[in-house]
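Encoded as structure tokens, the structure appears first; notes follow it.
The values are calculated or read from the model by the stated rules, or taken from the named source; none is laboratory data. Since we're looking at a predicted model, the values are computed, not measured. Counting neighbours? That spans all protein chains shown, and the Cβs are built from the backbone with ideal geometry, glycine included. Note: areas computed on protein heavy atoms with side chains; ligands, DNA, RNA excluded. Shrake-Rupley method; radii C 1.70, N 1.55, O 1.52, S 1.80 Å.
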Amino acid sequence: MTIKFGLIGGGVMGEALLSRLIAREIYQPSEVIVSEPQPARHNFLKQQYNVAVTTDNRLILEQTQEVVLLAVKPQVFSAIAQEVAEMIDLKITEHSPLLISILAGVPLSQLEAAFARLPVIRAMPNTPATVGAGMTAICSGAYTNAKHHQIAQQIFAAVGEVVEVSEYLMDAVTGLSGSGPAYVALMVEALADGGVAAGLPRAIANQLALQTVLGTATLLHESKMHPAELKDRVTSPGGTTIAGIAQLEKGAFRSALIEAVKAATERSQELGK
Ligand SMILES: NC(=O)C1=CN([C@@H]2O[C@H](COP(=O)(O)OP(=O)(O)OC[C@H]3O[C@@H](n4cnc5c(N)ncnc54)[C@H](OP(=O)(O)O)[C@@H]3O)[C@@H](O)[C@H]2O)C=CC1
Ligand SMILES: O=C(O)[C@@H]1CCC=N1
């Protein structure tokens, strides 16, 4: 069987994408190879997804025909680039696989220099991809063509929504939607803690907090209502909500989120240096 999909780095995000691509039958397990250094993780991926697993990244480049997904930490990027350097020249044919990198910060110029002349697409997905509710931004490198573009679109459409942006926006995407699930998770946790502080049993507080965030997101998504309008609809004159909002403003809630996205964007820029 031809190997169509090679994954370098079977960690949190690599697995999130892999699990969904297999579940949606974009790739069959027999068409997939994963490289992963950790023995325990190795065995888990093999058993859970029935895919081939290796510790040799060169094998991924040697065997993969369609897409190599790079999903390691940005900090190990240069080590991997060195490891596979000798493979790259052999791989330059008209059937070169597409390299998709989801590394925070690492620019197309660095990827194209390391994987000389391979077609490269830089992407920034997020963890809700695991349940098909991801948000991915992509931008294409100089050696890509329409077919590569179509492959990347198909992969990320299978795990949620896809948007194309110019590369200079990728760090901001990382600071917002890439890191955003953590901010939202923090908010769900804090809302539930507030409920517990107000006397609710923990399980009920957790349920209320989660469903409130989910329901609000769904309402905004389906109605296309502006968030400010929804806020106004909830806020009765002299009522409970405005009392809560006044407290959020005192705690600089909105400013904290704005600064969080900016700080994460700056960190993404630093990771690419
Ligand atoms: N987590 C997220 O929400 C998102 C992450 N990203 C990006 O995805 C990338 C991966 O992040 P994440 O999945 O969170 O990180 P993880 O640490 O969970 O995954 C990285 C995986 O790569 C493995 N690895 C380390 N060195 C090598 C190597 N030399 N060859 C092959 N595999 C190796 C790691 O093994 P070991 O643990 O043994 O080191 C680990 O399993 C990052 O670049 C990040 O910026 C992008 C969007 C969202
Ligand atoms: O925290 C990080 O660096 C990665 C990139 C986006 C989400 N997680």
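The residues of segment 117-127 that are free of Cβ contacts under 8 Å to residues at least 60 places away in the same chain, surrounded by 24 or more Cβ atoms within 10 Å (Cβ to Cβ) and part of a loop (DSSP other than H, G, I, E, B) amount to a single one, ASN126.
Residues that are open to solvent by 20 Å² or more (accessible area, probe 1.4 Å) and within 16 Å of ligand 2 (Cβ to nearest atom) do not occur anywhere in segment 77-98. Residues in segment 221-232 that are of a type in the set (A, V, I, L, M, F, W, C) and part of a helix (DSSP H, G or I): ALA228, LEU230. Filter segment 251-273 down to the residues that are part of a loop (DSSP other than H, G, I, E, B) and more than 12 Å from ligand 2 (Cβ to nearest atom), then identify the one that is nearest to GLY175 (Cα to Cα). Checking each candidate, the answer is LYS273. Quick one: would you say THR216 is among the polar types (S, T, N, Q), under 22 Å from ALA129 (Cα atoms) and out of contact with any Ser or Thr (no Cβ under 7 Å at 6 or more places or on another chain)? When the stated conditions are applied, THR216 passes them.
Within segment 208-228, residues that are without any contact (Cβ under 8 Å) to a residue 24 or more places away in the chain reach partners that are open to solvent by less than 50 Å² (accessible area, probe 1.4 Å) and among the β-branched types (Val, Ile, Thr) with beta carbons closer than 6 Å, at six or more positions or on different chains, in the pairs ALA209/VAL188; LEU210/VAL188.
Every test in (1) over 18 Å from the mean Cα position of the chain (by Cα); (2) not assigned by TED's automatic domain parsing to the domain that holds MET13 is passed by ALA185 save one, and that test is (1).
At least 1 residues being polar (S, T, N, Q) is the threshold, and among the helices (runs of 4 or more DSSP H) wholly inside segment 133-220 those reaching it are 146-157. Of the residues making up segment 128-152, those that are open to solvent by 60 Å² or more (accessible area, probe 1.4 Å) and not charged (D, E, K, R) number 8. Determine if segment 66-75 includes at least one residue that is over 29 Å from ALA182 (Cβ atoms) and more than 13 Å from ligand 1 (Cβ to nearest atom). Within segment 66-75, one or more residues are over 29 Å from ALA182 (Cβ atoms) and more than 13 Å from ligand 1 (Cβ to nearest atom). Filtering ALA23, ALA16, ALA40 for residues that are small (Gly, Ala, Ser), within 16 Å of ligand 2 (Cβ to nearest atom) and open to solvent by less than 80 Å² (accessible area, probe 1.4 Å) leaves a single hit, ALA16. From the list ILE60, ILE3, ILE33, the one residue that fits, being open to solvent by less than 40 Å² (accessible area, probe 1.4 Å) and farther than 29 Å from THR174 by Cα, is ILE3. Beta carbons closer than 8 Å, at least 6 apart along the sequence or on distinct chains, pair a first residue in segment 172-184 that is open to solvent by less than 30 Å² (accessible area, probe 1.4 Å) with a second that is away from ligand 1 (no atom under 11 Å from the Cβ) and among the polar types (S, T, N, Q) for THR174/THR265; GLY175/THR265.
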